1. Keeping every protein chain in place, order 191, 241 by accessible area at 1.4 Å, biggest value first, i.e. largest first.
2. Using amide H atoms built in the peptide plane, which far-off residues or other-chain residues are under 5 Å from residue 160 H to H?
3. Order 31, 37, most accessible first, counting only protein heavy atoms with a 1.4 angstrom probe.
4. Express the carbon and sulfur contribution to the solvent-accessible surface of the range 170-279 as a percent, rounded to the nearest whole number, probe 1.4 angstrom.
5. Provide the solvent-accessible area of residue 180, counting protein heavy atoms only and rolling a 1.4 Å probe, rounded to the nearest 10 Å².
6. Points 7 angstrom from Cα along the Cβ direction at residue 58 and residue 37: gap in nanometres?
7. For the range 259-294, run through the trypsin sites (Lys or Arg not before Pro) and keep only the ones in DSSP coil with at most 13 other Cβ atoms within 10 Å of their Cβ.
8. Could you order the peptides 15-21, 227-233 from most to least packed, using the average number of other C-beta atoms within 10 Å per residue?
Amino acid sequence: MKQSMNWNDLATVLRDALATARHNWWLFVDWLAVVEWKKLAILWVLVLIGFGLLHTPEPGVWFMLISFGVKVMGGGKRRAELGAAAADRKADVANLERRLTEAQMATLQAQVEPHFLFNTLALIGQLIETDQREAARVHAHLIDYLRASLPQMRAAGSATLGKQVELSRAYLAIMQARMKERLTVEFRVPDFLGSAPFPPLMLQTLIENAIKHGLEPSIAGGHIEVSARVDDATLIVDVVDNGVGFQPLSSDGLGLANIHERLQLLFGRTAELVIESPARGGTRASIRLPYTMM
């Protein structure tokens with residue numbers, strides 16, 4: 001019984017040793033597949049010198065021959081396999097980032113849309129009692145807004161600046177009906193930029209932020225200007241208000257933080273959100289991202 005247990009222990013040790021040796025061998029092959037010939041030659045020289053000092057150059061020679069043969073015979077194939085595996089991992093990461101971006105956008109939509117719709121419907125209900133013509137106009141603006149926004153929810157990834165401007169026009173028309181003379185609006189977006197890809201909801205979020213933090217706190221309200229231009233292959237979209245100015249300590253909910261995170265996920269360091277305080281007062285919020293000509 002004792003001898004049988006010893007044989008079992010020996011078999012386990014041998015099995016573990018073989019598994020370790022196999023793992024280390026493939027690590028060695030992977031290293032050979034990607035290492036430069038120059039670095040490998042330097043390693044050969046060092047190994048030969050080391051074993052030469054020990055007066056046993058044979059292991060060094062064998063190492064050089066085996067590594068040379070493995071790199072020549074299987075290095076290219078293994079390098080291709082490693083490259084394919086790395087590409088798969090990169091694709092998986094990109095897919096996860098895209099799904100995260102879509103989930104964040106859906107979260108923002110889920111929080112923004114009901115609040116806006118309920119307020120608009122409540123406004124229409126009030127106007128029906130006092131001004132039926134104005135109620136009809138707000139109702140028409142709401143239809144325009146839904147007509148512009150619903151297709152974008154169904155077709156992720158196809159948003160353009162033109163669609164975002166159309167959505168923002170309808171949104172601001174409704175806000176003007178609510179704020180009356182306290183809100184004036186100006187759009188300066190060239191027609192040729194309408195087809196430029198632009199992430200959904202970002203422009204509207206900047207406009208909402210300008211109204212909430214810039215104009216509504218002001219008794220007199222104010223003016224919002226939406227503009228777009230291309231500067232050195234960069235699409236710059238500005239939302240400028242002349243309200244009370246940017247308050248660093250004020251809470252902007254998911255708005256600006258969501259835009260910043262989505263820009264980083266979609267474009268990396270090539271895009272940014274810039275918040276500035278113009279000399280004449282108010283706030284300028286700019287989204288800057290690579291311009292793609294369509």
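The values are calculated or read from the model by the stated rules, or taken from the named source; none is laboratory data. Because the structure is a prediction, the values reported are computed rather than measured. Every residue, glycine among them, receives a Cβ derived from its backbone with ideal geometry; neighbour counts consider all protein chains shown. Ligands, DNA and RNA are excluded from the accessible area calculation, which covers all protein heavy atoms including side chains. Shrake-Rupley method; radii C 1.70, N 1.55, O 1.52, S 1.80 Å.
1. 191, 241
2. 198
3. Accessible-area ranking of 31, 37, largest first: 37, 31.
4. Values: 2690 of 5160 Å².
Looking at the range 170-279 in its full context, I get 52 percent from C and S.
5. In the full protein context, residue 180 sits at about 100 Å².
6. The two pseudo-label positions are separated by 3.0 nm.
7. Those that pass, being in a loop and sparsely packed, are 280.
8. With the highest mean Cβ count within 10 Å placed first, the list reads 227-233, 15-21.
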